[in-house]
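Can you read through this structure? Questions will come right after.
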Amino acid sequence: MSKREYERIPVSQQAHVVSKPKDLTAIGGMVSVQINEKKITVPLGTTILEACQLNQIHIPTLCHHPDLCIAGVCRVCVVEVEKMRTLQTACSFPITSPIKINTSTQMVRKARRHIIDLLLSEHYGECYSCFRNGNCELQNLAKEFGVDNYTFGHVKTQRYEVDSSSAAVIRDMNKCVLCKRCVRTCIDLQEVGVLEAVKRGHETHVGTFLDKPLAEVICINCGQCINRCPTSALRANDPSDEIWAAIDNPKKHVVIQTAPSPRAAIGEEFGKEAGKSFTGELNTALRRIGFDRVFDTNFTADLTIMEEGTELLTRLKKAIVEKDESVKLPQFTSCSPGWVKYIEHFYPEFLDYLSSAKSPQQMFGALIKTFYAQEAKIDPADIVTVALMPCAAKKFECNRPEMCDSGFKDVDYGLTTREMAKMIREAGIYLPEMPKSHFDDPFGDASGAGLIFGATGGVMEAALRTAYELVTGREVPFENLVIEPCRGFEGVKQASVKLENCVEQYKFLEGVDLKFVVAHGTANAKIVMEMLKKGELNDVHFVEIMACPGGCLGGGGQPIPTSNVIREKRAQAIYEEEASLPIRKSHENPHVNYVYEKFLTDGPCGKLSHKLLHTHYVKRGKYIS
Amino acid sequence: MIKTETLSKKRSGPVLFSEYKQGEGVKKALELGRENILFELKSSGLKGRGGAGFPTATKWMLTAASNSDKKFIVCNADEGEPGTFKDRVLLLEYPELVFDGMIIAGYTIGAKNGILYLRGEYEYMLKSLEDYLELLRMDNLLGENIFAGKDFTFDITIRLGSGAYVCGEETALIESLEGYRGEPRNRPPYPVNTGFLGHPTVVNNVETLASVPHILIKGGDWFRTHGTDKSTGSKLFSISGDCKKPGVYELPWGTSINELLNLVEAKNTKAVQVGGASGICLPKSQFNRVLGYEDAATGGSIMIFNESRNMLKILKNFMEFFVEESCGQCTPCRIGNIKLLEGVERIEKDDFTFSYINNLKELGRTMQAASKCGLGQSSPNSFISILDNFKDEIFGAKRKGEKNV
């Protein structure tokens, strides 16, 4: 097993940062500075902000975000550096010489207050009619600085039209403070590049290509910009009113499926530390809210493994045995709708590499309105399916015109973790104190393999557990089924498993080194696609790509804020929950087998499953009309 | 044969407008060698002529000392400050000085590439400048191994700006050169360490570079004989407004406003705006002040206003300029300028209180201290100085009985 590490520095960050020395013990490696009478030593190139954070000195920030490169545009973090004519931004100032820093002089406090006053003067609306009320960085700053009046006035009319064209992301530039976190997210973190500052001076705003509506540009709906927006300028397209209406309508049978990542993160919305799953509590809460059935998306994640795994084995057989050169390998996963739209826009010539399997969300929708409706004897026209997802792109996915294979809209609404938490609060429920309960039959509790879909590398790990066992008849050769090379947050991971002593049916795979690649975040997807273009992936068989950093647990529908630390804790919660489950392989999930016995009787990738569980893609391209 | 349209030179002055033969400075530079060039420059006390006044020798030394296989010399010809037009004169009439200065700079710091960042509105002189460069190439004064035995390769390219005022700020200029939005970068790190494409870069004003050949030929000490202790040498002033003889003048630093007004035959002068829209506005009582980095600093722009002018309208014009020309990146500049303009408008409508005006002045001081670049740091200058220096005219009767203003 080999791991390859890739270093990626965003273009806009390269020229602006002083790199820290590799050897801190070398002369000049450490610099001593004085911050507010306190003398400390820090590695050369440490920013003032980093130095302060390490020493429990609070510096207010707004445009700074741990996931993003430095901008230094909001100016809220200004400090006084002795002998410098002007105030300096703590976030961007690299310490390279012994300086004296003052973080709270009269000048500094006044400047910060002025800056906050200026931002508020242009920030349309009132806090009590804002969905970020209580979780807004601008509001926090106003509170921190005791703002009790609008010194420089307050904008009374909306300057910009709210762009709600996209099924996933709504942009309200009237709330924008121009911190450009979304711009840096889109360009540097995700390398999609839909958002950029447009015009200058007072006319500056964050815009799209030719200021077109978001739905008409190459936005992949990942929603990462929402997670990093300090205010309510960006939000997901919230369907909760429609869902309440369906719940309140006695004729409607409202079914919800919950994905693993929201369960591992929703506690954060109720003030809990990141890193604990609330699966059982959530089940109870959802029933109390009024959902008629609560299903586990992991069930269709298991189904995805069966379908996608079978598809991969079929491709391998065609390539190896039948020497069919039209077969495209490696096979790419298709669970992440952000990634699907990314490849449709940026690499449409490679769509054939994508697995035709639908995402677990869409598979579930199709099954609920066919198999479940049949079993429960309910008219599918009366069923409303809701999907609780960590994702903004799922909202777009369920609205794709081809996602109606059940004869109805397979999934009616995609709901984010944040919106779910809002609904729960609205129903007067405090989630962490709910008693635990299980998922409903006929889909029941799923396997651990489906659960780990939430973290980057999870699909790969789940697929390997099943594929390896199908091919060799033995469990994957990893202690406790934990396939370590799939785990962790490196941008692009590469590894392989040798297939030996294969069962009769898969003898053609004897001795094959099953190679796989895992990437998360579309910036890393771009690296993988460029490798594919250059032919560097010719000997790779399977590639997992998730559009969001960290995988689904870092999705655009997850609680705000986000950071690597928070994402790691969510991953830990998911892996801990999975280790405790009795069934941890998709093909051993009895409910999956039940569905194949009772309904999808011609097996994985059979005719019916092709109709219901597989899809096709659209060549969108980068150029928009 | 390419014929350049160099205008006939009728000008005369102590330094820049004195006699100079093309190539002379470069020849001298080669004789001196890198260290002596820096020594002469240091002893001349030459400071940046764009307005900020950073010691040129220090800038060059830092770049020369940095270890990089690629370095750049950028000539900042984005002459955008309202009321300056001296670089235009230099480029049209004395291109040899500017280009020789760039070649000397390239030789000194070890750069192979020079870039002339030409203001978009100066596109009309692009052809003649390109032709001039072509001439230099034909004479083997630009290109591969231009001086026998010196292992020195240097060429100059001209790039056009697109009309943004902020691109005169050196880091915004570099961003613009790289093809990005012209927005200033965080400093530090400075361009002398990480400039164009991440390489050490010297960005010098046209006039700064044009001064270098003369300094090398006649010596740093000679240069010091002009001007004052802290502002050595001479300066080109672009004088405009209410006077009989507007134009570009070369005068030693230390010339007083009064002397200057006499020279251009200005009458009934009420106010002089020193340093363009981002400079300060001086009333009659301060006309004895002298031009220099230590007193009334300027990148060259002098605007003269006589008694018939309305100071509030002048201020409004400046503020409208900054509202439009702020790059929109940082909060104090983007929103602050709008608030200052609003203040001017409210004074116009006589809809203000003095505590509100004082608040705005305080805001101006914050902008000076907390803005990201020189634009926001200097845009409140005219607001504060005009309101302070012309209280009687602007606030008139309303001021009587108010002690705060």
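The values are calculated or read from the model by the stated rules, or taken from the named source; none is laboratory data. Note that the structure is predicted; figures quoted are calculated from it, not measured. Cβ sites come from the backbone with ideal geometry, for glycine too, and all protein chains shown count toward neighbours.
If only one of A:230, A:213 is more than 30 Å from residue A:610 (Cα to Cα) and without any contact (Cβ under 8 Å) to a residue 60 or more places away in the chain, which one is it?
A:213
Exactly one of these conditions fails for residue A:219: (1) surrounded by 17 or more Cβ atoms within 10 Å (Cβ to Cβ); (2) farther than 26 Å from residue A:139 by Cα; (3) more than 20 Å from the chain's Cα centre (by Cα). Give me its number.
Here residue A:219 meets the rest and fails (3).
Among residues belonging to the range B:274-307 that are buried (at least 24 other Cβ atoms within 10 Å of the Cβ) and of a type in the set (S, T, N, Q), point out the one that is farthest from residue B:207 (Cα to Cα).
Across the range B:274-307, the extreme among qualifying residues is B:278.
Please determine whether any residue of the range A:20-33 is out of contact with any helix residue (DSSP H, G or I) (no Cβ under 6 Å at 6 or more places or on another chain), at pLDDT below 90 and within 14 Å of chain B (Cβ to nearest Cβ).
Restricting attention to the range A:20-33, the residues satisfying the condition of being out of contact with any helix residue (DSSP H, G or I) (no Cβ under 6 Å at 6 or more places or on another chain) are A:20-33.
With the extra rule that they be at pLDDT below 90, the set shrinks to A:20-29.
Now restrict to residues that are within 14 Å of chain B (Cβ to nearest Cβ): A:20.
Yes: the range A:20-33 contains one or more residues that are out of contact with any helix residue (DSSP H, G or I) (no Cβ under 6 Å at 6 or more places or on another chain), at pLDDT below 90 and within 14 Å of chain B (Cβ to nearest Cβ).
Within the range A:536-566, how many residues turn out to be in a helix (DSSP H, G or I) and farther than 17 Å from residue A:392 by Cα?
The qualifying residues number 3.
In the range A:50-91, which residue that is within 9 Å of chain B (Cβ to nearest Cβ) and hydroxyl-bearing (Ser, Thr, Tyr) is surrounded by the most Cβ atoms within 10 Å (Cβ to Cβ)?
If we take residues in the range A:50-91 being within 9 Å of chain B (Cβ to nearest Cβ) and hydroxyl-bearing (Ser, Thr, Tyr), then A:89 is surrounded by the most Cβ atoms within 10 Å (Cβ to Cβ).
For residues in the range A:222-242 being touching a helix residue (DSSP H, G or I) at 6+ places or on another chain (Cβ under 7 Å) and in a helix (DSSP H, G or I), which is farthest from residue A:555 (Cα to Cα)?
Within the range A:222-242, the match that is farthest from residue A:555 (Cα to Cα) is A:240.
Just to be sure before I move on: is residue A:282 in contact with a strand residue (DSSP E or B) (Cβ under 6 Å, 6 or more places away or on another chain) and closer than 14 Å to residue A:429 by Cβ in the structure I sent?
no
Identify, by number, the condition in (1) in contact with a Lys or Arg (Cβ under 6 Å, 6 or more places away or on another chain); (2) more than 30 Å from residue A:170 (Cβ to Cβ); (3) of a type outside the set (D, E, K, R) that residue A:406 doesn't meet.
Unmet for residue A:406, out of (1) in contact with a Lys or Arg (Cβ under 6 Å, 6 or more places away or on another chain); (2) more than 30 Å from residue A:170 (Cβ to Cβ); (3) of a type outside the set (D, E, K, R): (2).
For the range A:175-204, which positions are more than 13 Å from every other protein chain (Cβ to nearest Cβ) and either surrounded by fewer than 19 Cβ atoms within 10 Å (Cβ to Cβ) or touching a Lys or Arg at 6+ places or on another chain (Cβ under 6 Å) (or both)?
A:181, A:185, A:191
For the range B:346-372, what are the residues that are under 18 Å from residue B:391 (Cβ atoms), part of a helix (DSSP H, G or I) and not β-branched (Val, Ile, Thr)?
Scanning the range B:346-372 gives B:346, B:348, B:354, B:355, B:356, B:358, B:359, B:360, B:361, B:362, B:364, B:365.
Could you identify the single residue in A:178, A:138 that is aliphatic (A, V, I, L, M) and part of a helix (DSSP H, G or I)?
A:138
Does residue A:260 fit the bill of being of a type outside the set (Asp, Glu), buried (at least 21 other Cβ atoms within 10 Å of the Cβ) and modelled with pLDDT under 95? Spell out the reasoning first.
Values: of a type outside the set (Asp, Glu): yes; buried (at least 21 other Cβ atoms within 10 Å of the Cβ): yes; modelled with pLDDT under 95: yes.
Yes: the conditions hold for residue A:260.
Same structure again: Working carefully through the options B:310, B:358, B:389, find the one that is among the polar types (S, T, N, Q), crowded, with 19+ Cβ neighbours inside 10 Å, more than 10 Å from chain A (Cβ to nearest Cβ) and more than 22 Å from the chain's Cα centre (by Cα).
B:389
What single numbered condition from (1) away from chain A (no Cβ under 14 Å); (2) surrounded by fewer than 20 Cβ atoms within 10 Å (Cβ to Cβ) fails to hold for residue B:353?
(1)
Count, please, the residues in the range B:98-124 that happen to be in contact with a helix residue (DSSP H, G or I) (Cβ under 7 Å, 6 or more places away or on another chain), surrounded by fewer than 24 Cβ atoms within 10 Å (Cβ to Cβ) and part of a helix (DSSP H, G or I).
2
Scanning the range A:92-119 for residues that are closer than 16 Å to residue B:190 by Cα and more than 8 Å from every other protein chain (Cβ to nearest Cβ), which turns out nearest to the chain's Cα centre (by Cα)?
Of everything passing the filter in the range A:92-119, A:95 is nearest to the chain's Cα centre (by Cα).
Here is a list of conditions, (1) touching a Pro at 6+ places or on another chain (Cβ under 6 Å); (2) assigned to a loop (DSSP other than H, G, I, E, B), and residue A:324 meets all of them except one; can you say which number that is?
(1)
Between A:176, A:219, A:136, which is under 21 Å from residue B:327 (Cα atoms) and modelled with pLDDT of 95 or more? Give the steps one after another, and end with the answer.
Numbers: A:219 fails: under 21 Å from residue B:327 (Cα atoms); A:136 fails: under 21 Å from residue B:327 (Cα atoms).
None of the other options fit; the residue is A:176.
Need at least 1 residues that are in contact (Cβ under 8 Å) with a residue 60 or more places away in the chain, assigned by TED's automatic domain parsing to the domain that holds residue B:180 and of a type in the set (Val, Ile, Thr) per element, so show me which helices (runs of 4 or more DSSP H) inside the range B:197-299 make the cut, counting only ones lying wholly within it.
So the answer is B:206-218.
Criterion first (touching a His at 6+ places or on another chain (Cβ under 9 Å), modelled with pLDDT of 90 or more and either surrounded by fewer than 14 Cβ atoms within 10 Å (Cβ to Cβ) or assigned to a helix (DSSP H, G or I) (or both)) does residue B:25 satisfy it?
Judged against the criteria, residue B:25 is a match.
List the residue pairs whose Cβ atoms are under 8 Å apart, where the first residue sits in the range A:504-521 and is in contact (Cβ under 8 Å) with a residue 24 or more places away in the chain, the second is aromatic (Phe, Trp, Tyr) and in a helix (DSSP H, G or I), and the two are 6 or more positions apart or on different chains.
Every condition considered, the pairs that remain are A:514/A:468.
Please work out which one of (1) part of a helix (DSSP H, G or I); (2) touching a Ser or Thr at 6+ places or on another chain (Cβ under 8 Å) is the condition residue B:18 fails and give its number.
In the conditions (1) part of a helix (DSSP H, G or I); (2) touching a Ser or Thr at 6+ places or on another chain (Cβ under 8 Å), residue B:18 misses (1) alone.
Here's a check for you: in the range A:36-57, which residue that is free of Cβ contacts under 8 Å to residues at least 24 places away in the same chain and among the hydrophobic types (A, V, I, L, M, F, W, C) is farthest from residue A:92 (Cα to Cα)?
Looking at residues that are free of Cβ contacts under 8 Å to residues at least 24 places away in the same chain and among the hydrophobic types (A, V, I, L, M, F, W, C), I get A:40.
Looking at B:182, B:161, B:241, can you tell me which residue is closer than 27 Å to residue B:291 by Cβ and among the small types (Gly, Ala, Ser)?
One residue alone meets the criteria, B:241.
Could you check the range A:120-150 and list, in sequence order, the residues that are within 12 Å of chain B (Cβ to nearest Cβ) and surrounded by fewer than 20 Cβ atoms within 10 Å (Cβ to Cβ)? Let's see the steps before the verdict.
First pass over the range A:120-150, keeping only residues within 12 Å of chain B (Cβ to nearest Cβ): A:120-123, A:138, A:141, A:149-150.
Once the filter is applied, which keeps residues that are within 12 Å of chain B (Cβ to nearest Cβ) and surrounded by fewer than 20 Cβ atoms within 10 Å (Cβ to Cβ), the range A:120-150 yields A:121, A:149, A:150.
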